Amino acid sequence: MEHEITLVVNGAARRVRVPGRRLLSDCLRHDLGLTGTHVGCEHGVCGCCTVLLDGEPVRSCLTFAVTVDGHEITTVEGLAGPDGMSAVQRAFAECHGLQCGFCTPGFLCTVTALLRDNPAPTDEEVVEGISGNLCRCTGYQNIVKAVHRAAELIAEET
Amino acid sequence: MKPPPFEHHAPRELGEALDVLAEVGPRGKVLAGGQSLIPMLNMRLAAPEHLVDINRIASLATVEPSTEGVTVGALARHSQVERLAGHPLLRQALRLVAHPVIRNRGTVVGSLVHADPAAELPAVLALLGGSVRLARLEGLREVGAAEFFVGPMESAVQPGELAVSAYFPSLPPRSGTAFREVARRHGDYALAGVCAVVTLDDDLHITAARVACVSVGPVPVVVDVGGLCERRPASTVDWAAVARAVREETEPEGDIHASAAYRLQLVGVLAEQALKDAAREAAGPWGSDPVGT
């Protein structure tokens, strides 16, 4: 049986018909064509599929699309503003916080929420905050630097 | 890695959910946070015909602290409980549950019902002697922690029932708590873990001490070590004897991550550490080095 649902994705209401078993990650990628959200492990370990659900980071591979009918979703495609990339995105580019880029959408969404809730995190808080996201390239050091740099940029720009 | 097909039910009221659960019986499964159930579906370890998704029943998303204890509704997320419950041991345990992002979605009651012997929250409920409230069409029943955890991944919840809330009692004054565990990676299920509660009298002598151990038995293993502490101050307790007593009550199994012998060693060490931490917390800042480290 299919369900007709409405998701507010990156500010735009999107109506879509999905079976009950459609994961939110697959709904975003296949039904809505938003392939910025990556799918790695599909059991909640890697964090690549992290999106913001009503502003809170969640695993889109561990959420059914039907469950979040009517809710707001922000994906990596929605992080940039009209003036270009967000502070978090610029900091990741500047600090080489990515290499292959597969994990990056999940990190960007996680860090966006982390810095909103804690604008000046300590090293320890950054590491705890990103502990649910795996990166196989960078060794994390530059990601941690990028988070601190993003915090600086946000502080400068507000 | 996609879930098998199922019929999705999205009740908006508790009564409606109980109607559906009564109708589908053993063919149905409740979906709350989904942080354990959806991986199981994705890996095809579970294939229920009906999923009763309770995410729209707002009346279940409650955290109600009182002086006696805190009642946590079926839809209260870990992160919400961490913020609102005001219960020290619950907060210590929740910080060890997976990662912050998982805690935004996973629920405390869901974790209890999932009854994973490696999970932290069942141990907390068992240690505190809390209870879970189960609803079905015919009425409610309250099940104490000792009866609630039946076996590995098996709780007392019967087909047609919904766990609507869990109750975590507060601790008496001058009590301290701690949770210690060893996991292969931060956020993983523990190879072994111990949560402890220690209560002191006005002279800082131990009047009660209990631990609950995870990953070393089919259900959380609760051991009362109050007798072994003999109303002594923590600094003169025979901790080796306490650790031995805890080890004797556990029956860990070996797997690819850790041998049974290693888990047994760990649980003794962690019990001593957790009990000392708890005693230190119970003494508070005015207690002068009660553990004698």
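The values are calculated or read from the model by the stated rules, or taken from the named source; none is laboratory data. All values reported here derive from a predicted model rather than from experimental measurement. Counting neighbours? That spans all protein chains shown, and the Cβs are built from the backbone with ideal geometry, glycine included.
Listing for the model above:
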quantity: Filtered residues of the stretch A:39-57 (kept if closer than 21 Å to residue A:12 by Cβ and either polar (S, T, N, Q) or in a loop (DSSP other than H, G, I, E, B) (or both)); calculated: A:49, A:50, A:54, A:55
quantity: Matching residues in the stretch B:175-189 - criterion: being under 24 Å from residue B:85 (Cα atoms), at pLDDT 95 or above and of a type outside the set (Ser, Thr, Tyr); calculated: B:176, B:178, B:179, B:180, B:181
quantity: Single residue of A:28, A:108 found to be within 14 Å of chain B (Cβ to nearest Cβ), over 23 Å from residue B:9 (Cβ atoms), aliphatic (A, V, I, L, M) and not in a loop (DSSP other than H, G, I, E, B); calculated: A:108
quantity: Any strands (runs of 3 or more DSSP E) falling wholly within the stretch B:1-66 and containing at least 2 residues that are more than 10 Å from every other protein chain (Cβ to nearest Cβ); calculated: B:28-31, B:63-65
quantity: Residue in the stretch B:197-206 that is of a type in the set (A, V, I, L, M) and modelled with pLDDT under 95 present; calculated: yes
quantity: Test: residue in the stretch A:35-47 that is buried (at least 24 other Cβ atoms within 10 Å of the Cβ), closer than 25 Å to residue A:155 by Cα, within 13 Å of the chain's Cα centre (by Cα) and at the interface with chain B (Cβ under 9 Å from one of its Cβ atoms); calculated: no
quantity: The lone exception for residue A:50 - which of (1) at pLDDT below 95; (2) closer than 15 Å to residue A:133 by Cβ it fails; calculated: (1)
quantity: Residue A:100 surrounded by 22 or more Cβ atoms within 10 Å (Cβ to Cβ), away from every other protein chain (no Cβ under 13 Å), in a loop (DSSP other than H, G, I, E, B) and at pLDDT 95 or above; calculated: no
quantity: Filter result (surrounded by fewer than 17 Cβ atoms within 10 Å (Cβ to Cβ) and either at the interface with another protein chain (Cβ under 9 Å from one of its Cβ atoms) or of a type in the set (A, V, I, L, M, F, W, C) (or both)) within the stretch A:1-18; calculated: A:1, A:3, A:8, A:12, A:13
quantity: All positions within the stretch A:114-127 that are in contact with a Leu (Cβ under 9 Å, 6 or more places away or on another chain) and of a type in the set (D, E, K, R); calculated: A:125
quantity: Qualifying positions in the stretch A:48-77 - facing chain B (nearest Cβ under 9 Å), under 10 Å from the mean Cα position of the chain (by Cα) and within 16 Å of residue B:1 (Cβ to Cβ); calculated: A:59
quantity: Top-ranked residue in the stretch B:144-192 [being assigned to a helix (DSSP H, G or I) and farther than 30 Å from residue B:205 by Cβ; ranked as nearest to the other protein chains (Cβ to nearest Cβ)]; calculated: B:148
quantity: Test result for residue B:83, in a helix (DSSP H, G or I), free of Cβ contacts under 8 Å to residues at least 24 places away in the same chain and more than 12 Å from every other protein chain (Cβ to nearest Cβ); calculated: no
quantity: Selection from the stretch B:226-267 of residues that are part of a loop (DSSP other than H, G, I, E, B), closer than 21 Å to residue B:117 by Cα and in contact with a helix residue (DSSP H, G or I) (Cβ under 7 Å, 6 or more places away or on another chain); calculated: B:250, B:252, B:253, B:254
quantity: Identity of the residue in the stretch A:122-141, touching a Cys at 6+ places or on another chain (Cβ under 8 Å) and farther than 14 Å from residue A:108 by Cβ, that ends up surrounded by the fewest Cβ atoms within 10 Å (Cβ to Cβ); calculated: A:136
